[in-house]
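Participant: Please read through the structure below; I'll follow up with questions.
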Amino acid sequence: MAASGFPKEIAILAIDPRSLRTLMNRRSFILRSIGATLALPKLPSLMAATVEGNAALKAVPGAGAGVPRFVAIGNLLGFQVKQLFPTTSGREYEKTTLLEPLWDNRSQLTVFRGLDHGVKGGHFAVHSFLSGVLNSEAQNRPDGNVTIDQFLADSVGYQTRFPSLTVGSEGGIHGGCQIAWTKSGVRVPPVTGPAELFDKLFINDSPERQTRRVQENHLQGSILDSVMDEANRLSRQVNKEDKDKLDEYLTSVRDVEKRLELRRRWATQPKPNAPFDKPANRNMVEDLPLLYELIALALQTDSTRIATLEIGGDFLPQHLGIKRDYHGLSHHGNDPEAIAELITLEKYQLLHLGKFLTRLSKMNDGNRTLLDSTTVLFGSGMGDANTHKNSDLPIILAGGGYKHGEFREMPREGSRKVPLCNLFVDILQKMGVETDHFGNSTGRFA
């Protein structure tokens, strides 16, 4: 977050109406606020935007049991698919080495093979796991390479204190969590450990800090109102091409308005009581069970309904008695010893996925369980790290009211595999989002 409390990718500076003519003459329109900057693009004909009315957001604290929720867990380096996928489709599929830790949960999940994104790029394409779109190909797309969690956060996330939670590492082979991306192509910085996640969920601001936040919100709201008033007046003075450019840019401003309104609604609302003392950060391996527990509590307390967790950035095998690093092991070159160590790492991850599903299944959510209300997606944007393949993705879907208990090997759609984004369309619709397209989808998953 910037010093002003706005997201890093959104920067708005206050505009002095008396200097507006000078700014227009320079064909530059800069909005000013507290702490950061964002210059709008130069436009050939003044500046404008088609600004929608500022409808009040209907944030509903604790909006009742049974509301749909979504959790995605991404592995940065994929899985050993030969030890993951069964050979028998349907409900009578056999237990494999990597499915063994999930065997008690098999009636609550579905294993998919054949869902794909059709992208290439090796390790540097894993960011497409929840979007289906490479960063390099996102520039001219209406929603860029937005990931499903952030699409949901924009659509329905403002009913809770946190539109979404992104948990992961700022370390690893990419120098930071790659699982969540906004429509503007900006990586969402993760909450990096259980201590930080605990504070976010349960620790209230001091009275002084709450007062300061209320004052900041009021000031920033006044600035945004002024900016939008000026934009409305200018919108009638430019050509269509410039209006489209500025309207797209001011979408970021409207996103800030939503976040500011969210902050206002929750500024004086106390957070839930902490169920245990604040934990200390250790490492991703040892912290993984606690991160899952905190995500479950975030869902149960309706602090958020959308969460992501990325595993791999600083998942250090040494804490499981393995000396080689995870990335190096992923390039195993078919060495049996390296593959055996990878399977140890992957079984550990699947073991705690199973415990997370079991935990959700034991949490009441009205007249059903929290797992019934929560769609859990587990997988990777990497099919085979050894060969840098981004196809044959390992995908497991659990909970969410789906009919589970199968291994489904998907047939091709003509010359291509079924897009994973087709499943994302179905998830979005189950979450109450009216859309028939997402990423590279070709329809809704049947």
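The values are calculated or read from the model by the stated rules, or taken from the named source; none is laboratory data. A quick note: this is a predicted structure, and the numbers were derived from the prediction, not measured. Note: ideal-geometry Cβ built from the backbone for every residue, glycine included; neighbour counts use all protein chains shown. Please note that ligands, DNA and RNA were not included when accessible areas were found on the heavy atoms of the full protein model with its side chains. Shrake-Rupley method; radii C 1.70, N 1.55, O 1.52, S 1.80 Å.
Participant: In what sequence, largest accessible area first, do Ile395, Ile339 appear using a 1.4 Å probe?
Facilitator: From most accessible down to least: Ile339, Ile395.
Participant: Over region 70-188, give the accessible area per residue in Å² for a 1.4 Å probe, as an integer.
Facilitator: 37 Å²
Participant: Taking amide H positions as placed 1.01 Å from N in the peptide plane, with prolines and chain starts having none, which residues 5 or more places from Asn75, or on another chain, fall under 5 Å of its amide H?
Facilitator: Those qualifying (amide H under 5 Å, at least 5 residues apart or on another chain) are Ile311, Gly379, Ser380, Gly381.
Participant: Right, another one. From the Cα gyration tensor of region 305-430, with a ≥ b ≥ c the square roots of its eigenvalues, which class applies: rounded if a/c is under 1.5, or else prolate if a/b is larger than b/c, or else oblate?
Facilitator: Oblate, since a/c reaches 1.5 and b/c is not below a/b.
Participant: Which percent of the accessible heavy-atom area of region 58-213 goes to carbon and sulfur, probe 1.4 angstrom?
Facilitator: 47 percent
Participant: I'd like the distance separating the alpha-carbon centroids of region 105-140 and region 352-383, in whole Å.
Facilitator: Spelled out, the Cα-based centre of one part sits 20 Å from the other.
Participant: Show me the GluC sites (Glu not before Pro) within region 341-446 that DSSP assigns to loop and that have at most 10 other Cβ atoms within 10 Å of their Cβ.
Facilitator: Passing both the DSSP loop test and the Cβ count: Glu434.
Participant: Then there's this: How about region 345-396: which trypsin sites (Lys or Arg not before Pro) there are in a DSSP loop, with at most 11 other Cβ atoms within 10 Å of their Cβ?
Facilitator: Of the trypsin sites (Lys or Arg not before Pro), the ones in loops of region 345-396 whose Cβ has at most 11 other Cβ atoms within 10 Å are Lys362.
Participant: Would you please classify the overall shape of region 102-153 from the alpha carbon gyration tensor, given that a ≥ b ≥ c denote the square roots of the eigenvalues, rounded means a/c under 1.5, and beyond that prolate means a/b larger than b/c while oblate covers the rest?
Facilitator: Note, shape of region 102-153 comes out prolate.
Participant: Tell me, what HN-Hα J-couplings in whole Hz come from the Karplus equation 6.51 cos²θ - 1.76 cosθ + 1.60 at θ = phi - 60° for each residue of region 79-85, using x for Gly and Pro?
Facilitator: Along region 79-85, the couplings run 9, 7, 5, 5, 9, 9, 7 Hz.
Participant: So how far, in whole Å, is the C-alpha centre of region 301-327 from the one of region 77-93?
Facilitator: Using only Cα atoms to place each centre, the spacing works out to 22 Å.
Participant: Something else: Where nothing but the Cβ of Lys and Arg (+1) and of Asp and Glu (-1) is charged, how large is the charge dipole of region 287-426 around its Cα centre, in debye to the nearest 20?
Facilitator: The calculated dipole for region 287-426 is roughly 340 debye.
Participant: On the accessible surface of region 384-446, probed at 1.4 Å, how many percent belong to carbon and sulfur atoms?
Facilitator: C and S fraction of accessible area: 45 percent.
Participant: Could you order Asp205, Asp392, Asp436 by accessible surface area, starting with the largest, using a probe radius of 1.4 Å?
Facilitator: My answer, sorted largest first, is Asp436, Asp205, Asp392.
Participant: Could you tell me which of the pairs Lys200/Lys271; Lys278/Lys362; Lys355/Lys389; Lys120/Lys417 are separated by over 19 angstrom between their Cα atoms in the structure shown?
Facilitator: Going by Cα-Cα distance, Lys278/Lys362; Lys355/Lys389 fall outside the 19 Å limit.
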